[in-house]
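Enquirer: Handing you a structure now.
The values are calculated or read from the model by the stated rules, or taken from the named source; none is laboratory data. These numbers were taken from a predicted model, which means no experiment stands behind them. Cβ sites come from the backbone with ideal geometry, for glycine too, and all protein chains shown count toward neighbours. Areas reflect the complete protein model, heavy atoms only, side chains present, ligands, DNA and RNA absent. Shrake-Rupley method; radii C 1.70, N 1.55, O 1.52, S 1.80 Å.
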Amino acid sequence: MIILFTGDHLRHKYFVDSFSKVFEDLVWIIEKREKFIPDMDKNFNTEIQKLQKKHFEKRHSAENEFFTAKAGDLSSNRISQIFKINQLDFFNGKLKKILMKKKSKFLISYGVHKIPENILKYVTGYKWNVHGGLSPWYRGVITHFWPSYMLEPEYTGMTLHETTKNIDGGNIIHQSISTLNINDGIHQNACRVVKNFSDKLPKLLYKNIQKKKKLIGI
């Protein structure tokens, strides 16, 4: 059994759908995240608000283009259970209860808030996190924006790393980078790398599990 613990945006659904095509008996924990198109910041002037709105609308359009039609029906019997939580459930015992009950050897998180250490200990096997950035060069937040801003879009990438108390700091298990396309904007470039990573990771993981290979990060 693999527990996938993700946010509720389109990219997260696509990621889970990719796993459901390869693995059976998946448990999916979904954290309710903030609105994908946030409210405009009233502290900004009118011109900056227009740019902010344009940025998030373009991101929404790109994610719809790459992920909506391509993500399948997640009600398939390959996903044995779905749990919906919010950030409060990290601390009120609900998340802890789910992990204790499931006793999975694999927990893969993507797009969720930091899991407290006192909860992580209830997963005795692999604990991995998907970071939407190429570590160690781009850690932290909006890491599909900064590479292009720094004029190195080829550093737009994804990282699977061990989950530790350090944000984006665990040993690296797997990485992928963007395949640059001259027609892409910044959001298409980001979506392309998420899709590539999501398509390949479940197959690579399945192959190594079949070989009973111990997966050690670097």
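Enquirer: Please list, in order along region 105-111, the HN-Hα scalar couplings obtained from phi with the Karplus expression 6.51 cos²θ - 1.76 cosθ + 1.60 (θ = phi - 60°), rounded to whole Hz, x for Gly and Pro.
Expert: After applying 6.51 cos²θ - 1.76 cosθ + 1.60, I find 8, 9, 10, 10, 9, 7, x Hz.
Enquirer: Probe radius 1.4 Å, ligands and nucleic acids left out: which of Y110, Y122, Y149 has the largest accessible area, and how do the rest follow?
Expert: Result, largest first: Y149, Y122, Y110.
Enquirer: Moving on. List, in the order given, every pair from K96/K212; K13/K102; K101/K200 whose Cα-Cα distance in the structure shown is over 24 Å.
Expert: Exceeds cut-off: K96/K212; K101/K200.
Enquirer: Per 10 Å bin, what percent of the C-alpha pairs of the chain does each bin hold, from zero upward?
Expert: 8, 32, 38, 18, 4, 0
Enquirer: Something else about it: Would you kindly find the accessible area of D184, with a 1.4 Å probe and non-protein molecules such as ligands, DNA and RNA excluded, rounding to the nearest 10 Å²?
Expert: 40
Enquirer: Quick one: with all protein chains in place, what share of the accessible area of region 1-155 is carbon or sulfur, to the nearest percent (1.4 Å probe)?
Expert: Using a 1.4 Å probe with all protein chains present, region 1-155 comes out at 54 percent carbon and sulfur.
Enquirer: Starting from the amide H of I29, placed 1.01 Å from N in the peptide plane, find each other amide H under 5 Å away whose residue is 5 or more places distant or on another chain.
Expert: Amide H neighbours of I29: L4, F5, T6, F83.
Enquirer: Set the Förster distance to 35 Å, then compute FRET efficiency between K103 and L204 from the Cβ-Cβ distance, nearest 0.05.
Expert: 0.90
Enquirer: Scanning the chain for helices, which whole DSSP H stretches are 27 Å or more long along the axis (Cα) and average -1.0 or more by Kyte-Doolittle?
Expert: 186-210
Enquirer: May I ask you to list the aspartates and glutamates whose Cα is less than 16 Å away from that of K21, ignoring any residue fewer than eight positions away on the same chain?
Expert: The reachable aspartates and glutamates, counting only those whose Cα sits under 16 Å from K21, are D73, D199.
Enquirer: Solvent-accessible area of H55, probe 1.4 Å, all protein chains present, reported in Å² to the nearest ten, please.
Expert: Spelled out: H55, probe radius 1.4 Å, area about 70 Å².
Enquirer: Could you work out the longest stretch of the chain that avoids the GluC sites (Glu not before Pro) located in DSSP loops with at most 14 other Cβ atoms within 10 Å?
Expert: So the longest stretch without any such site is 35-218.
Enquirer: Follow-up. For W137, what is the net charge nearby, where nearby means another residue's Cβ is under 13 Å from its Cβ and Lys, Arg count +1, Asp, Glu -1?
Expert: Within the 13 Å Cβ shell, the charges total -2.
Enquirer: OK, next. On a 1.4 Å probe surface of the protein chains, which of M150, M158 comes out largest in accessible area, and what is the full order?
Expert: Reading off the accessible areas and sorting them downward yields M150, M158.
Enquirer: A follow-up question, please. Taking only protein heavy atoms into account and a 1.4 Å probe, give the accessible area per residue of the chain in Å².
Expert: Ligands and nucleic acids excluded, the figure is 57 Å² per residue.
Enquirer: For the pair S61/F44, report the inter-label distance in nm, with labels modelled 7 Å from Cα in the Cβ direction.
Expert: In this crude spin-label approximation the distance works out to 1.7 nm.
Enquirer: Of I29, N208, T164, which is farthest on the positive side of the dipole of the chain, counting Cα position, with +1 on Lys and Arg Cβ, -1 on Asp and Glu Cβ, and the Cα centre as origin?
Expert: N208
Enquirer: Given an 8 Å cut-off on Cα distances and at least 6 residues of separation, report the relative contact order of region 76-218 as a percent.
Expert: Reported relative contact order: 16 percent.
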